[in-house]
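The values are calculated or read from the model by the stated rules, or taken from the named source; none is laboratory data. Remember, it's a predicted structure, so these values are computed and weren't measured experimentally. Every residue, glycine among them, receives a Cβ derived from its backbone with ideal geometry; neighbour counts consider all protein chains shown. To get the accessible areas, we keep the full protein, side chains included, count just its heavy atoms, and leave off ligands, DNA and RNA. Shrake-Rupley method; radii C 1.70, N 1.55, O 1.52, S 1.80 Å.
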Amino acid sequence: MYQEIFLPSGMMVRYEGPLFADAPEQVPAFAEAQRRAMPEKWRWMDHELTVGRRFIAGDDFSFADI
């Protein structure tokens, strides 16, 4: 979840968002590439949540489920 959803979302904000406008370098093209990849990442997560498992990572509740 972190690598597939949270990290790319954070990269969009970091490399394009106004909150980080004063960062040493913003790369809007990188942010846009992350944005274009998100629909497939959401489809992946949707599939992972619908395959009949109770938890996303293993047999017990974990950080991934938060």
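Sparsely packed loop sites in region 20-66 (the trypsin sites (Lys or Arg not before Pro) outside DSSP H, G, I, E and B with at most 16 other Cβ atoms within 10 Å) comprise 53, 54.
Distance between the pseudo-spin-label points of residue 5 and residue 21 (7 Å out from Cα toward the beta carbon): 3.1 nm. The simple spin-label model puts a point 7 Å past each Cα toward its Cβ; for residue 43 and residue 13 those points are separated by 2.6 nm. Between helix 7-16 and the chain there is an angle of about 10 degrees, using the helix long axis and the longest principal axis of the Cα atoms.
As a fraction of the 1.4 Å probe accessible area of the chain, surface on carbon and sulfur atoms comes out at 59 percent.
Applying a DSSP loop filter and a limit of 14 other Cβ atoms within 10 Å to the GluC sites (Glu not before Pro) in the chain leaves 25. The chymotrypsin sites (Phe, Trp or Tyr not before Pro) of the chain that meet both conditions, a loop assignment by DSSP and at most 13 other Cβ atoms within 10 Å of the site Cβ, are 55, 61. For the chain, the solvent-accessible area works out to 77 Å² per residue, with a probe of 1.4 Å and every protein chain left in place. Against the main long axis of the alpha-carbon atoms of the chain, helix 28-49 sits at an angle near 10°. Only helical runs count toward this figure. For the chain, summing -39,500 (n - 2.57) over DSSP H runs of n ≥ 4 and dividing by all residues gives -16000 deg cm²/dmol at 222 nm.
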